[in-house]
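First up is the structure itself, then whatever we jot down about it.
Every read-out reported here was derived from the displayed coordinates using simple, explicitly stated rules and does not represent laboratory data. Please read all numbers here as calculations on a predicted model, not as lab measurements. Here Cβ is always computed from backbone atoms with ideal geometry, including for glycine, and neighbour counts include all displayed protein chains.
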Amino acid sequence: MNSESGVVFRSIGIIGAGQMGSGIAQVCAAAGFKVYLNDVSDEKINGGIARILKSLQKRRDSGKITNEQVDSLLSAIAPAPKIRTFEQCDLVIEAATEHEATKRKIFEGVYPFLQPATVLATNTSSISITRLAAGTDRPQRFIGIHFMNPVPTMRLVEVIRGLATDQTTYDATTKFVAALGKTMTTSEDYPGFIVNRVLIPMINEAVYALYEGACRSCRCFMKDSQIQNIDRARCW
């Protein structure tokens, strides 16, 4: 994990094999990392790997990757039904449901099995990084890595430092995000971070625009057409 230029992540543990966790696993494997995928049951892990396979097959069918690349990427993702498997990981990313008590319980169960230098990360979009870090044995090596959905196609990653997150952890995380080919923005640990503080008011205004009929015209009486107009304006 250590190199002359600082901390480098090589093996990644991911907790949660749902939509976000499987997407994170896919992009990590595509970037050349060894990935260990964990969830509460073998069924959920297998479901996550099946989701990754389906995504890769779509890319293959569109000519973006080959059959050999599909096989290579899948071989880089190992099922990890036992948390103890993460003792060989440099970085462990929690991608479970957006519920603070659930995340705290996960971190309490995983950190005793990690190497002292292993970095813990959460994919939360809004929960305080500082509060989550306080429930572990390594608040200085704890950071937020907020991927956007769907992970394989969305380029932005929001990195959030807790009050105790040290510079070494932050620097290693920026290198990791760059290795994934993602665009990074950095937020301090404030409610909603940056992405949600911008996104939620925009969504609210879109709802108000629909309610007030701001996009209604003689050619746009149907509600579906009004929604399309708002969405088109939002994406401009």
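So the values come out like this:
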item	result
All helices (runs of 4 or more DSSP H) inside segment 52-166 with 2 or more residues being closer than 19 Å to Ala179 by Cα	67-75
Hey, Lys105 charged (D, E, K, R) and surrounded by fewer than 14 Cβ atoms within 10 Å (Cβ to Cβ) or not	yes
Count of residues meeting criterion [closer than 21 Å to Gly109 by Cβ, touching a strand residue (DSSP E or B) at 6+ places or on another chain (Cβ under 8 Å) and assigned to a helix (DSSP H, G or I)] in segment 23-51	5
Residue list for segment 50-99, filter: touching a helix residue (DSSP H, G or I) at 6+ places or on another chain (Cβ under 7 Å), charged (D, E, K, R) and without any contact (Cβ under 8 Å) to a residue 40 or more places away in the chain	Arg51, Arg60, Arg84, Glu87
Count - residues of segment 175-196 that are crowded, with 19+ Cβ neighbours inside 10 Å and assigned to a strand (DSSP E or B)	0
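Here's the yes/no breakdown for (1) closer than 28 Å to Lys82 by Cβ; (2) out of contact with any Ser or Thr (no Cβ under 9 Å at 6 or more places or on another chain):
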residue	(1), (2)
Pro112	yes, yes
Asn123	yes, yes
Leu132	yes, no
Gly135	yes, yes
Gly144	yes, no
Arg155	no, no
Gln167	no, yes
Tyr170	no, no
Phe176	yes, yes
